[in-house]
Amino acid sequence: MYLTRHAGPSGPRWTADGRGLPASFTLDLLLQVPAARGAEIVTSLIADGETLDGPLLAPIEDHHEVWASGVTYLKSREARQAESNATGGGDLYARVYEAERPELFFKSVGWRVIDPEAAIRRRRDAAWTVPEPELVLVLNSRMEIVGYCAGNDVSSRDIEGDNALYLPQAKVYDGSCALGPGIITATADEVTAVRVALEIVREGATVFSDATDTSQMKRTPGELVRHLGSEMSFPRGVYLMTGTSIVPPEDYSLQPGDIVRITVGSLELGNIVGRDPAPA
């Protein structure tokens, strides 16, 4: 099943496989029942013959949280070590890559997530900002995987590289998290080998492209989920970014007008890099 969220005259509306769900439907209905029952319940609510064609919104509701995993691929470990070695922090990333406990951090709340085709942004005080394409798991209140979407964990590499304690500032700011274009329902077994790709276009020309798949992760999606839920509950469900192994070269930084295209499985999330706002 494929779920999308659309803008409409009376507020956001969800669709399932292109057919409108009741205006009263919220994603909580799917995320508060066992995974085995979710798709059946949603299917029973599809409004026959109704289609919705409003602009796509991020497939998340305002109250949901987005968490993220770091250093889950070897290439990510190497990139983090390289950006931190000058300040003596590179060993932190080597240790977390090998450790049993993964790196997990809060990324965004739903109302702050950027919609498909809308503008992501870089921090005004960052000199080196990159997109990070990721498989994003959608988890129910029982911490079961019910689906996935594409995500962009926009990151200020120079800020994190200066000091690992700056990670929240490097990762969490306005315009730093995009999700979309919709949610594909899936089981845990169906997210272990999903293709993830990144293309960056500047002034009509591709300046970077690469691809990987989630089978290259150091930890399985299930392991990441288990650690996230070990000491926290999410009674309305939660989203979990699973990390990236696609790292643009060190001479690349996002510039206003760049187009970032992220492909996860059959999903494609596109965003433009917005102009920097005027200083406050």
Can you tell me which residues in the range 236-276 are closer than 16 Å to I114 by Cα and either modelled with pLDDT under 95 or part of a helix (DSSP H, G or I) (or both)?
R275, D276
Working only within the range 177-200, note down all residues that are more than 25 Å from T26 (Cβ to Cβ) and either crowded, with 18+ Cβ neighbours inside 10 Å or out of contact with any helix residue (DSSP H, G or I) (no Cβ under 9 Å at 6 or more places or on another chain) (or both).
D189, V194, V196, A197, L198, E199, I200
Tally of residues being touching a helix residue (DSSP H, G or I) at 6+ places or on another chain (Cβ under 6 Å) and in a strand (DSSP E or B) across the range 140-151
3
Condition (residue is buried (at least 17 other Cβ atoms within 10 Å of the Cβ), under 17 Å from the mean Cα position of the chain (by Cα) and at pLDDT 95 or above) applied to the range 208-215: is it met by at least one residue?
no
Only one of (1) touching a residue at least 40 places away in the same chain (Cβ under 8 Å); (2) in contact with a helix residue (DSSP H, G or I) (Cβ under 6 Å, 6 or more places away or on another chain); (3) not basic (K, R) does not apply to S253, and that is (2)
Candidate set from the range 62-113 (those that are within 19 Å of I159 (Cα to Cα) and part of a loop (DSSP other than H, G, I, E, B)); member that is modelled with the highest pLDDT:
V71
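The values are calculated or read from the model by the stated rules, or taken from the named source; none is laboratory data. Since we're looking at a predicted model, the values are computed, not measured. With ideal geometry, Cβ positions are generated from the backbone for all residues, glycine too; neighbour counts draw on all protein chains shown.
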